[in-house]
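The values are calculated or read from the model by the stated rules, or taken from the named source; none is laboratory data. On a predicted model such as this, the values are computed, not experimentally measured, just so you know. Neighbour counts are summed over all protein chains in view; Cβ atoms, including those assigned to glycine, are modelled from backbone coordinates with ideal geometry.
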Amino acid sequence: MALLEISDLRKAYGNTEVLKKISLDIDRGEVIAIIGKSGSGKSTFLRCLNGLETPTSGTVRIDGSNLTLDERALKELRLKVGMIFQQFNLFPHLSALDNVALAPRIVTKQTRYAARAKARIMLEKVGLGEREHARPRELSGGQQQRVAIARALAMDPIILLCDEITSALDPELVGEVLNVVKKLAAEGMTLLMVTHEMRFARDVCSRVVFMHAGQIHEIGPPGEIFTAPKTPELKQFLGHN
Amino acid sequence: MEFTFWTIISNLILAARWTVVLSLVTFFLGGSIGMIVLLMRISSSWFARNIAKGYIELFQGTPLLMQLFLAFFGLALLGFDVPAWLAAGLALTLWSASFFAEIWRGCVQSVPTGQSEAARSLGMGWYQMMMNVIFPQALLLSIPPTVGFLVQIVKATALTSIIGFVDLSKAGSMISNMTFEPFTVYGLVAVLYFIICWPLSAISYHLERKLNGSSGN
């Protein structure tokens, strides 16, 4: 059984169909890159997978349980799905350590001591053990995004959704964030990332999904997608002629 | 009775105590009720939201003077013997609560949506998110407008003189009627209001700078 089963997922805002019947199965340990033009529905697709957007129809099954509208069930499910955002969205009033320790303490009800110990391990893992007392605004963009990754990891997710996590970074800071993601991939984390980093997608991902006009237009291993694109839309997107 | 300059001042200062007390009561009670109205206004329950909305529209959409009259004369008509201080406190509390709720709602809503998305995707419920993520940030934003409104409250207490509450304004008009020195008396009344309000603005400025230094964006 696939870890993530998405079938006939649709999302419409009024008459505008943003996602048109998307079906996709993802196995444990897969690293999937989602590429496509802006407006092709990539981010909306990702946000439907942890309930930040409510699908108009279709089903999402994560590790055997259905994503539903019920707030309680949704909370349960979100514990399994971590999300990292383009704008980091760290809590500006908390230190790096407390950003990471907050959810373990209040959501999974760990003691303050246990939550902080866990948070230290996670910050260590993203290479920021030294900066636990820093406020988000005292950190560089790349460091902030790594804290955000640590914050998601502290909830022990089985899937990590990354929504253009390097797009807001200065070019020289992209590498440090992608290295952390690479490490996670090597450890067997299941990753779904909307990304513009084609080299990264080619080197690290097991499959690449090309989205176009709200649909999965082409899907396959990176070798195939990047070297032998089949559809004219993908060829155009990749700049092949 | 002979009114020297100092008897005028000392009597005005004694009356100013009641202006301060009424302002403080309004601030604490109005702020508490305002917080409840705010929570209802932003809750996910349609019912609570609309009750809060109706409350806010009612009290912001009618003059405070009418609310004071209704609290004083209206309740008396219904057979409740309401002293002036109680009617004044009641009307100001209900009136200020509607403004606090709206001022703070603006602060809550100006916390970027990315914050609530991050909180929700970490599995936090509405209450946990509000308490740990949204309110601490909204609090910082709320200080200048809250203290600004506190100044409005102090000045609004002057209206209660109309139902016979002896605050600074009422004392001013009484003394002016006895001394025939309206310019001196009302001049002093204005100075006293300024002495009450000015430190509030200064505190607001100070707190804003201090809080901005220790946290924030």
Check: If you scan the range A:168-197, which residues turn out to be touching a helix residue (DSSP H, G or I) at 6+ places or on another chain (Cβ under 9 Å) and among the small types (Gly, Ala, Ser)?
Finding: A:ALA168, A:GLY175, A:ALA185, A:ALA186
Next item on the list: Would you point out the residue of the range A:77-87, among those that are more than 8 Å from chain B (Cβ to nearest Cβ) and outside any strand (DSSP E or B), that is surrounded by the most Cβ atoms within 10 Å (Cβ to Cβ)?
Entry: A:LEU77
Checklist line | Filter pass, B:VAL185 being more than 14 Å from every other protein chain (Cβ to nearest Cβ), surrounded by fewer than 13 Cβ atoms within 10 Å (Cβ to Cβ), in a helix (DSSP H, G or I) and of a type in the set (A, V, I, L, M) | finding: no
Margin query: Report every pair of residues separated by at least 6 positions or lying on different chains whose Cβ atoms are under 9 Å apart, first residue within the range A:9-28 and at positive phi, second of a type in the set (Ser, Thr, Tyr).
Written below: A:LYS21/A:SER7; A:LYS21/A:SER57
Checklist line | Output for the range B:44-61, where each listed residue is of a type in the set (S, T, N, Q), touching a residue at least 12 places away in the same chain (Cβ under 8 Å) and assigned to a helix (DSSP H, G or I) | finding: B:GLN60
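Out of A:ASP170, A:ASP163, I need the residue that is free of Cβ contacts under 8 Å to residues at least 60 places away in the same chain and of a type in the set (Asp, Glu). Which one?
A:ASP170
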Check: Looking at (1) more than 24 Å from B:SER176 (Cα to Cα); (2) surrounded by 18 or more Cβ atoms within 10 Å (Cβ to Cβ); (3) not charged (D, E, K, R), which is the one condition that is false for B:SER32?
Finding: (2)
Note to self: Checking the structure you have, find out if any residue of the range B:159-167 is charged (D, E, K, R), more than 14 Å from chain A (Cβ to nearest Cβ) and in contact with a Leu (Cβ under 8 Å, 6 or more places away or on another chain).
What the structure shows: yes
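Here's the yes/no breakdown for (1) at pLDDT below 95; (2) of a type in the set (Lys, Arg):
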site	(1), (2)
A:ARG146	no, yes
A:ILE149	no, no
A:ASP156	yes, no
A:LEU160	no, no
A:ILE165	yes, no
A:ALA168	yes, no
A:GLY175	yes, no
A:ASN179	yes, no
Notebook entry, point to check: Can you find a residue in the range B:122-145 that is of a type outside the set (Val, Ile, Thr), assigned to a helix (DSSP H, G or I) and farther than 20 Å from A:LEU94 by Cβ?
Noted result: yes
Checklist line | Filter result (closer than 17 Å to B:LEU140 by Cβ and in contact with a helix residue (DSSP H, G or I) (Cβ under 7 Å, 6 or more places away or on another chain)) within the range B:100-117 | finding: B:PHE100, B:ILE103, B:TRP104, B:ARG105, B:CYS107, B:VAL108, B:SER110, B:VAL111, B:GLN115, B:SER116
Checklist line | Subset of the range A:173-204 that is of a type in the set (S, T, N, Q) and buried (at least 20 other Cβ atoms within 10 Å of the Cβ) - its residue that is farthest from A:ALA152 (Cα to Cα) | finding: A:THR195
Check: Out of all the residues in the range B:10-19, is one or more among the basic types (Lys, Arg) and farther than 21 Å from B:PRO145 by Cβ?
Finding: yes
Item checked: Checking B:PRO144 against (1) within 14 Å of chain A (Cβ to nearest Cβ); (2) surrounded by fewer than 17 Cβ atoms within 10 Å (Cβ to Cβ); (3) within 27 Å of B:ALA202 (Cα to Cα), the condition it does not meet -> (1)
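Kindly indicate which of A:ALA119, A:ALA96, A:ALA152, A:ALA134 is at the interface with chain B (Cβ under 9 Å from one of its Cβ atoms) and either within 20 Å of the chain's Cα centre (by Cα) or touching a residue at least 24 places away in the same chain (Cβ under 8 Å) (or both).
So the residue among A:ALA119, A:ALA96, A:ALA152, A:ALA134 that is at the interface with chain B (Cβ under 9 Å from one of its Cβ atoms) and either within 20 Å of the chain's Cα centre (by Cα) or touching a residue at least 24 places away in the same chain (Cβ under 8 Å) (or both) is A:ALA152.
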Item checked: Index of the failed condition, A:LEU69 passing every other in (1) over 23 Å from A:PRO136 (Cα atoms); (2) under 18 Å from the mean Cα position of the chain (by Cα); (3) within 14 Å of chain B (Cβ to nearest Cβ); (4) not in a helix (DSSP H, G or I) -> (2)
Item checked: The listed residue being among the hydroxyl-bearing types (Ser, Thr, Tyr) and more than 14 Å from every other protein chain (Cβ to nearest Cβ), out of B:SER96, B:SER121, B:SER116 -> B:SER96
